[in-house]
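Report on one structure; see the data block that follows.
The values are calculated or read from the model by the stated rules, or taken from the named source; none is laboratory data. Bear in mind the structure is a predicted one, so any value in this text is a computation, not a measurement. Counting neighbours? That spans all protein chains shown, and the Cβs are built from the backbone with ideal geometry, glycine included.
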Amino acid sequence: MSENIDVLIRSKESELEPLFSRMEEIRLQFIDDVKRFASQWYEEKAREYATKKPEITLSLGKEKLAQMKVQVNMLVRNTGKIVDESLADPEVWWHKTPRVNASPSAYEQLGNERVGNKFPEVLDKAVRLALGELGNVLEQFGYGVTTGALKASYPEFWFESKDGAGSIRPFFPHLFEWSDEMQDTTAKYDVAYKKAIVLFNEITMLKEEKKRLEAKALWDKA
């Protein structure tokens, strides 16, 4: 009986392995998608704040605005590193830390006309961490944003607590739309994920059954 279970386990693992490989390919594609999105977003969002808060922009003057643009351009040049770091956590990607009983809808994208799109929380949070780096620049030049150092001074809180440990990090808090490429890539990950989690759960149950059979056999022989 144990031998039959071994055969089943190997069969399902052979199905799971290419899914994990595919999910890793999709992960890398999503990271590239976010890099392209964020590098353009930093410039567009900085321009948006300069336009919607003209009194601040005019008070800064040409020289200060030039300095701000330098800071924004530095963000754009460092987009790759910023995005790599924000999406590096293996907990963001199920195939990096596979576990039973994970939600089958963890990577679904939802949306309707009333509330707009709702992106997978685990990925959305990681993207917002990358975008939140612009908050440091907006805070520095007085655009009513705080990334945590002066919580009571500004109306826009661009930060979040890290794992309840008291440390904080920049985080974009407002509604925004992912690029079409990001959405398409996530949909592909979701398809592979839903197949993989079923196989992984089945493999886990088979391994548990094998241990029970081995424990019973050992008891009977003792």
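To keep it simple, each residue is scored yes or no on (1) in contact (Cβ under 8 Å) with a residue 40 or more places away in the chain; (2) out of contact with any helix residue (DSSP H, G or I) (no Cβ under 9 Å at 6 or more places or on another chain).
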{"site": "Val34", "(1), (2)": "yes, no"}
{"site": "Lys62", "(1), (2)": "no, yes"}
{"site": "Met74", "(1), (2)": "no, no"}
{"site": "Arg77", "(1), (2)": "no, no"}
{"site": "Lys81", "(1), (2)": "no, yes"}
{"site": "Pro90", "(1), (2)": "no, no"}
{"site": "His95", "(1), (2)": "yes, no"}
{"site": "Glu121", "(1), (2)": "no, yes"}
{"site": "Leu131", "(1), (2)": "yes, no"}
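For segment 14-64, filtering for residues that are of a type in the set (S, T, N, Q), under 23 Å from the mean Cα position of the chain (by Cα) and over 19 Å from Leu175 (Cα atoms) leaves 2.
Those residues that are in contact with a Lys or Arg (Cβ under 6 Å, 6 or more places away or on another chain) and exposed (fewer than 15 other Cβ atoms within 10 Å of the Cβ), I need them from segment 175-195; list them, please. It would help to see each step written out before you state the result.
At the first step, the residues of segment 175-195 found to be in contact with a Lys or Arg (Cβ under 6 Å, 6 or more places away or on another chain) are 192.
Matches in segment 175-195: none.
Among the residues of segment 196-222, what is the count of those that are closer than 28 Å to Met23 by Cβ, in contact (Cβ under 8 Å) with a residue 24 or more places away in the chain and either in contact with a strand residue (DSSP E or B) (Cβ under 8 Å, 6 or more places away or on another chain) or loosely packed, with under 15 Cβ neighbours inside 10 Å (or both)? Break it down stepwise before answering.
Step one: of segment 196-222, the residues closer than 28 Å to Met23 by Cβ are 196-211.
Now drop any that are not in contact (Cβ under 8 Å) with a residue 24 or more places away in the chain, which leaves 196-197, 199-204, 206-207, 209-210.
Next, only the ones that are either in contact with a strand residue (DSSP E or B) (Cβ under 8 Å, 6 or more places away or on another chain) or loosely packed, with under 15 Cβ neighbours inside 10 Å (or both) stay: 207.
Result for segment 196-222: 1.
Check segment 155-165 and report whether any residue there is over 19 Å from Tyr42 (Cα atoms), crowded, with 16+ Cβ neighbours inside 10 Å and either among the small types (Gly, Ala, Ser) or more than 16 Å from the chain's Cα centre (by Cα) (or both). Taking every residue of segment 155-165 in turn, none turns out to be over 19 Å from Tyr42 (Cα atoms), crowded, with 16+ Cβ neighbours inside 10 Å and either among the small types (Gly, Ala, Ser) or more than 16 Å from the chain's Cα centre (by Cα) (or both).
Suppose we keep only residues that are in contact (Cβ under 8 Å) with a residue 40 or more places away in the chain and not small (Gly, Ala, Ser) within segment 105-119. Which one would you say is surrounded by the most Cβ atoms within 10 Å (Cβ to Cβ)? Walk me through how you get there before you give the answer.
The initial filter retains those residues of segment 105-119 that are in contact (Cβ under 8 Å) with a residue 40 or more places away in the chain, namely 106-109, 116-117, 119.
Retained after the next criterion (residues that are not small (Gly, Ala, Ser)): 107-109, 117, 119.
Working: Tyr107: 25, Glu108: 15, Gln109: 18, Asn117: 14, Phe119: 21.
Going through the qualifying residues, I end up with Tyr107.
Quick check: is even one residue across segment 83-104 within 14 Å of Ile31 (Cβ to Cβ), crowded, with 18+ Cβ neighbours inside 10 Å and among the hydroxyl-bearing types (Ser, Thr, Tyr)? Yes, there is a match, as at least one residue in segment 83-104 is within 14 Å of Ile31 (Cβ to Cβ), crowded, with 18+ Cβ neighbours inside 10 Å and among the hydroxyl-bearing types (Ser, Thr, Tyr). The residue that is nearest to Lys81 (Cα to Cα), among those in segment 117-163 that are modelled with pLDDT under 90 and aliphatic (A, V, I, L, M), is Ala149. Residues that are in a loop (DSSP other than H, G, I, E, B) and either more than 20 Å from Phe37 (Cα to Cα) or modelled with pLDDT under 90 (or both) within segment 164-190 comprise Gly164, Ala165, Gly166, Ser167, listed in sequence order. Take the conditions (1) within 27 Å of Glu15 (Cβ to Cβ); (2) in contact with a helix residue (DSSP H, G or I) (Cβ under 8 Å, 6 or more places away or on another chain); (3) modelled with pLDDT under 95; Lys211 misses just one of them, which is (2).
Looking at Ser39, is it modelled with pLDDT of 95 or more, small (Gly, Ala, Ser) and in contact with a Lys or Arg (Cβ under 9 Å, 6 or more places away or on another chain)? Break it down into steps so the answer makes sense when it comes.
Working: modelled with pLDDT of 95 or more: yes; small (Gly, Ala, Ser): yes; in contact with a Lys or Arg (Cβ under 9 Å, 6 or more places away or on another chain): yes.
In short, yes.
Within segment 181-195, the only residue that satisfies the criterion of being of a type in the set (D, E, K, R) and closer than 10 Å to Pro120 by Cβ is Asp190.
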